[in-house]
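Below you'll find the structure, written out as structure tokens, and then a few comments.
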Amino acid sequence: MNLSAAEEESAQEIHIPADIDWEMLDKSKFFLLGAALFSGVSATLYPVVLVKTRQQVAQAQLSGIRTTFSIVKHEGFRALYRGFGTSLTGTIPARALYMAALEVTKSNVGSATLKLGVPEPTAAAIANAVAGLSAAMAAQLVWTPIDVVSQRLMVQGSHPSCSSPCRYVNGIDAFRKILNTDGPKGLYRGFGISILTYAPSNAVWWASYSVAQRLVWGGIGCYYYKKDDESNENGSNMIRPDSKTVMAVQGVSAAMAGGVSALITMPLDTIKTRLQVLDGEENGRRGPTIGQTVRNLVKEGGWLACYRGLGPRWASMSMSATTMITTYEFLKRLSAKNQESLM
């Protein structure tokens, strides 16, 4: 589906480069380049994710900055990348599955809704929401075990304030010990709530992104219309934004959508992290249920405890969304079979 946005009351029309759907992509180039590009994005944002995870499992409320300084002071700078190797190993197949499900669903749902006579803006929002939902559910099949292992590694450390004893040598050791202690279900702890967290989060994000883009492009169209009203004698009403403007709009729209999604799904993410990090069945003792986890959080700091780590998560999701979408759109253009058709 092509995205073309304009203010209806203005006579301006913004010509945006054509969207690239699944059929237009060189699949091998898409997945190979995607693995490289998104590995770089993951490496950049990983320390923020680690700080957010530490805040969520801590018994007391600490700011993201104080948590970061505490980690660096007592455990060294390398501690900010604890578990990164494991996370990266899972990110590549999970991201590939995510991108495939996203593009296939978006293309099919978008075409189907347009055929039903749904207006193009609404069809775009629906297609993006359904695609985000299906992509998140597909990716969690791979990502949940990696998430469990990497988060266990994230929270272990030598400092007393760390909520987990230092007992895992590396990701393979953590994987083996979790499997021996809890069996396969230990690796999929929190899978249900992960789906409840990431599926709606992705649906909200992609739908919000679609709406945000239209709002931003509408504002740009209105700006150009007023500008032309003041100094325009020509009758041209077609605006052709350059690639930098397109990328800037995508980045701003992604950040707006990321902030909305982070705020809505934060309590679920905190509960999910607690469930995945806490030990399971050991010496006849079972890990806490979702209800017990919620009660423990409320007891520790009231309902606001469910929003621990909101600052880093908001920053992480906004930065991740901005870098992800600009990288993703760049990736799609690099992977397009026919470059000339994109102009």
What's the number of the only condition in (1) under 17 Å from the mean Cα position of the chain (by Cα); (2) in contact (Cβ under 8 Å) with a residue 60 or more places away in the chain that residue 149 fails to meet? (1)
With respect to residue 65, determine if the residue is open to solvent by 60 Å² or more (accessible area, probe 1.4 Å), part of a helix (DSSP H, G or I) and touching a residue at least 40 places away in the same chain (Cβ under 8 Å). no
Could you grab me the full set of residues in the stretch 72-83 that are assigned to a helix (DSSP H, G or I) and buried (at least 17 other Cβ atoms within 10 Å of the Cβ)? 75, 79, 80
Filter the stretch 166-210 for residues that are outside any helix (DSSP H, G or I) and in contact with a helix residue (DSSP H, G or I) (Cβ under 7 Å, 6 or more places away or on another chain) and give the result. 168, 188, 189, 190
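Let's see how each residue does on (1) modelled with pLDDT of 85 or more; (2) at positive phi; (3) touching an Asp or Glu at 6+ places or on another chain (Cβ under 9 Å); (4) small (Gly, Ala, Ser):
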| site | (1), (2), (3), (4) |
| --- | --- |
| 92 | no, no, no, no |
| 105 | yes, no, no, no |
| 112 | yes, no, no, yes |
| 119 | yes, no, no, no |
| 135 | yes, no, yes, yes |
| 161 | no, no, no, yes |
| 168 | no, no, no, no |
| 175 | yes, no, no, no |
Any chance you could count how many residues in the stretch 126-144 are under 30 Å from residue 76 (Cα atoms) and open to solvent by 20 Å² or more (accessible area, probe 1.4 Å)? 1
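Residues checked against (1) hydroxyl-bearing (Ser, Thr, Tyr); (2) open to solvent by 20 Å² or more (accessible area, probe 1.4 Å); (3) part of a helix (DSSP H, G or I):
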| site | (1), (2), (3) |
| --- | --- |
| 43 | no, yes, yes |
| 47 | no, yes, yes |
| 50 | no, no, yes |
| 53 | yes, no, yes |
| 70 | yes, yes, yes |
| 85 | no, yes, yes |
| 97 | no, yes, yes |
Within the set of pairs 6+ apart or on separate chains, which have a first residue in the stretch 196-215 that is touching a residue at least 24 places away in the same chain (Cβ under 8 Å) and farther than 16 Å from residue 314 by Cα, a second that is open to solvent by 40 Å² or more (accessible area, probe 1.4 Å) and aliphatic (A, V, I, L, M), and C-beta atoms under 7 Å apart? 196/268; 199/133; 199/137; 203/133; 212/256
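The values are calculated or read from the model by the stated rules, or taken from the named source; none is laboratory data. All of these numbers come straight from a predicted model, not from anything done at the bench. Using ideal geometry, Cβ is built from the backbone for each residue, glycine included, and neighbour counts are taken over all protein chains shown. Side chains included, ligands, DNA and RNA excluded: accessible areas come from the protein's heavy atoms. Shrake-Rupley method; radii C 1.70, N 1.55, O 1.52, S 1.80 Å.
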